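Below is one structure, written out as C-alpha cells; comments come after it.
The values are calculated or read from the model by the stated rules, or taken from the named source; none is laboratory data. Remember, predicted model here, so these are calculated numbers, not experimental data. Positions of Cβ are backbone-derived with ideal geometry, glycine not excepted, and every protein chain shown enters the neighbour counts.
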Amino acid sequence: MSKTKNFSIYLAYGSNLDLQQMSHRCPDAMPIGIADISGYQLMFKGSKSGNYATIEKNVLCKVPVLVWAISKADENRLDIYEGHPTFYYKKTLPIENFKPLYPEKWQNTPTDGMAYIMHEDRHLGLPSPHYLDILYRGYKDLNLPMHILAEALDDTAASVGEIKAITTPRSDRNC
C-alpha cells in the first residue's frame, strides 16, 4: 500500500465518501483525490444487521473511489468501524485516473491503496434508505458517475427479487 510521510492511502467507495462522517471517524484523514478501481463492480451485501457497499471482481467494470491519506490511528479506527477482519478484509488495489482534489496540498500521485472488501460469502441485499442517502450525497458532492451507484442498486434488487426488471437499460450500463 502506498505510504507518504506516515500516511497510508485508503480507497473509499461506500459511506466513507461522506466528508463530514469521515472527519469525525478519522480526524487525521485528508481527502486527496478521486480515482477508479478497474476490474471491480460495486454491489450491496451484508448480514442481519444491514446491507452495505462492497466491491467484487468483474473485469468489465470500474468503481469510482475517494482517495484518502490516513494515519495509522485512522486505519485502526476504520478497522473497528468496518468490522475488520470479520465483516470486511483489506486488500491493496491499483488505481487509475487519479485526479487530485487539492493539487496545491498533495503533490504525489498514488498508484494504489487499501480498500475494505466484504467477504464474498455474504449475501446480496438492499441497503437501508438512510445508508443509500449517504452514498448518494457522496456521489453527488464528489461528482462521481451516479449511474454506477444506480446500477449496483438495480443489480442487487433484481438479484434478491425486489423488482421485476432492471431500471437501467443494459445498453447504457457500465458493466
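Residue-by-condition table, conditions (1) of a type in the set (Gly, Ala, Ser); (2) touching a residue at least 12 places away in the same chain (Cβ under 8 Å); (3) over 21 Å from Leu149 (Cα atoms):
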| residue | (1), (2), (3) |
| --- | --- |
| Pro27 | no, yes, yes |
| Gly39 | yes, yes, no |
| Thr54 | no, yes, no |
| Asn58 | no, yes, no |
| Pro64 | no, yes, no |
| Ile70 | no, yes, yes |
| Leu78 | no, yes, yes |
| Phe98 | no, yes, no |
| Pro103 | no, no, yes |
Item to check | Unique residue being assigned to a helix (DSSP H, G or I) and aromatic (Phe, Trp, Tyr) when the list is Tyr116, Tyr89, Tyr131 | outcome: Tyr131
Checklist outcome for this item: Sole miss for Ser23 among (1) free of Cβ contacts under 8 Å to residues at least 40 places away in the same chain; (2) within 28 Å of Gly161 (Cβ to Cβ) is condition (2)
Next on the checklist: Whether any residue in the stretch 124-134 is β-branched (Val, Ile, Thr), at pLDDT 95 or above and either surrounded by 15 or more Cβ atoms within 10 Å (Cβ to Cβ) or touching a strand residue (DSSP E or B) at 6+ places or on another chain (Cβ under 7 Å) (or both) is what I want to check.
Outcome noted: yes
Checklist entry - Is it the case that Tyr139 is among the aromatic types (Phe, Trp, Tyr), modelled with pLDDT of 95 or more and within 16 Å of Met22 (Cβ to Cβ)? => result yes
Item to check | Lys72 surrounded by fewer than 14 Cβ atoms within 10 Å (Cβ to Cβ) and farther than 14 Å from Leu42 by Cβ | outcome: yes
Next on the checklist: Quick test of your reading of the structure: Gln21 fulfils all but one of (1) out of contact with any Leu (no Cβ under 9 Å at 6 or more places or on another chain); (2) buried (at least 23 other Cβ atoms within 10 Å of the Cβ). Name the failing condition by number.
Outcome noted: (2)
Item to check | Residue selected from the stretch 24-40 under the condition in contact with a Leu (Cβ under 8 Å, 6 or more places away or on another chain) and part of a strand (DSSP E or B), by the criterion farthest from Gln107 (Cα to Cα) | outcome: Tyr40
Checklist outcome for this item: Out of (1) within 22 Å of Ala152 (Cα to Cα); (2) part of a helix (DSSP H, G or I); (3) not hydrophobic (A, V, I, L, M, F, W, C), the one Gly46 does not meet is (2)
Checklist entry - Do we find a residue being of a type in the set (A, V, I, L, M, F, W, C) and at pLDDT below 95 anywhere in the stretch 104-121? => result yes
